[in-house]
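Below you'll find the structure, written out as structure tokens, and then a few comments.
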Amino acid sequence: MSDASGAPLLRLAFLRDTGDRAADHAALSRLAGAPAPAHDAAEARRIGHLCLHCGSTGHGRPLLLDADGMPVPGVHLSLSRAGGVVALAAAAHPVGIDIESVSTAAAARFDDVAFTAAERAAFGDDPDHRMRTRAWAAKEAVLKAAGLGLRADPHALTVVFEAIAGPLPYSAAAHLEHEAVPRLAGSTLDAAPAADFALGEPELPSWLPRDLVVVVATTRATRLLP
């Protein structure tokens, strides 16, 4: 999943959440550059799942599978839903996407669980709760990209909202220290107690509610397809 220069690409898509999981999977398959599943196409690729913790294929991170049911190398996927919207991401290396409603996050009482004292202090007054929501979405996106999910303690992840080197749309960085950072087959994220991630908030379609925040996390800077 690269352009003519070999630069790794990131593809994003946003759908209205109709509750149709098959439609979500078809859209994710198309986003990854594969045809939508078809009963009469023996070579059609499809979306499956794998839980890196229990090994179940009934849930867990989405994967693009070939006709033999094996993961297609070099394709990494992520999906998130909130506020009546489904957010999809496909990249050539580990990626996580998270979409959050500011109003829902404002009503939640998870600061002590989600953020360190230093992070809470950095939010300042944050009267509209947007910084807090961005930070939470960033943590969720990174933990998805790392394959850990919320089984990991969010306190193990530090989000730094400052400019970083690399192409747009990335505008922040995150550092994860956790003994369970797994080795993801065919990726650049090796088993290690720490990993760094690039974060970005892409430009959103005009039809998305302004209440929503979307953050994408990757293990390296990526050029976003227009």
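With 180, 198, 192, 173 as the choices, which residue is at pLDDT below 75 and in a strand (DSSP E or B)?
Values: 180 fails: in a strand (DSSP E or B); 198 fails: at pLDDT below 75; 192 fails: in a strand (DSSP E or B).
From the options 180, 198, 192, 173, the qualifying one is 173.
Any residue in region 145-166 that is outside any loop (DSSP other than H, G, I, E, B), at pLDDT 85 or above and of a type outside the set (Lys, Arg)? Step through it out loud before you land on a result.
From region 145-166, those outside any loop (DSSP other than H, G, I, E, B) are 145, 149-151, 154-160; that's our starting set.
Subset that is at pLDDT 85 or above: 145.
After this cut, where a residue has to be of a type outside the set (Lys, Arg) as well, the list is 145.
Yes: region 145-166 contains one or more residues that are outside any loop (DSSP other than H, G, I, E, B), at pLDDT 85 or above and of a type outside the set (Lys, Arg).
Output the residue which, of all residues in region 201-224 that are at pLDDT 85 or above and open to solvent by 30 Å² or more (accessible area, probe 1.4 Å), is farthest from residue 160 (Cα to Cα).
Residue satisfying both the conditions and the ranking: 207.
Pick from region 2-42 the residues that are of a type in the set (Asp, Glu) and modelled with pLDDT of 70 or more: which of them is farthest from residue 63 (Cα to Cα)? Spell out the reasoning first.
Residues of region 2-42 that are of a type in the set (Asp, Glu), as a first pass: 3, 17, 20, 24, 40.
Still in the list and also modelled with pLDDT of 70 or more: 17, 20, 24.
Numbers: 17: 20, 20: 18, 24: 13 Å.
The residue in question is 17.
Say we look at region 81-120 and pick out the residues that are among the hydroxyl-bearing types (Ser, Thr, Tyr) and within 30 Å of residue 28 (Cα to Cα); which of these is farthest from the chain's Cα centre (by Cα)?
Step one: list which residues in region 81-120 are among the hydroxyl-bearing types (Ser, Thr, Tyr), which gives 101, 103-104, 116.
Imposing the further condition that a residue be within 30 Å of residue 28 (Cα to Cα) reduces the set to 101, 103-104.
Details: 101: 16, 103: 21, 104: 19 Å.
Among residues in region 81-120 that are among the hydroxyl-bearing types (Ser, Thr, Tyr) and within 30 Å of residue 28 (Cα to Cα), the one farthest from the chain's Cα centre (by Cα) is 103.
For region 76-109, give me each residue that is outside any strand (DSSP E or B) and buried (at least 19 other Cβ atoms within 10 Å of the Cβ). Walk me through it before giving the result.
To start, the set of residues in region 76-109 that are outside any strand (DSSP E or B) comprises 83-84, 92-94, 102-109.
Those that are outside any strand (DSSP E or B) and buried (at least 19 other Cβ atoms within 10 Å of the Cβ): 92, 93, 94, 102, 105.
Condition test on residue 86, is it over 20 Å from residue 9 (Cα atoms), out of contact with any Gly (no Cβ under 6 Å at 6 or more places or on another chain) and at pLDDT 90 or above?
Values: over 20 Å from residue 9 (Cα atoms): yes; out of contact with any Gly (no Cβ under 6 Å at 6 or more places or on another chain): yes; at pLDDT 90 or above: yes.
Judged against the criteria, residue 86 is a match.
Just checking, how many residues over region 67-123 are free of Cβ contacts under 8 Å to residues at least 60 places away in the same chain and among the β-branched types (Val, Ile, Thr)?
Residues meeting the conditions: 4.
The values are calculated or read from the model by the stated rules, or taken from the named source; none is laboratory data. Computed from a prediction, not measured in an experiment: that's the story for all the values here. Heads up, the Cβs are rebuilt from the backbone with ideal geometry, glycines too, and the neighbour counts pull from every protein chain shown. For accessibility, only protein heavy atoms count, side chains too; no ligands or nucleic acids. Shrake-Rupley method; radii C 1.70, N 1.55, O 1.52, S 1.80 Å.
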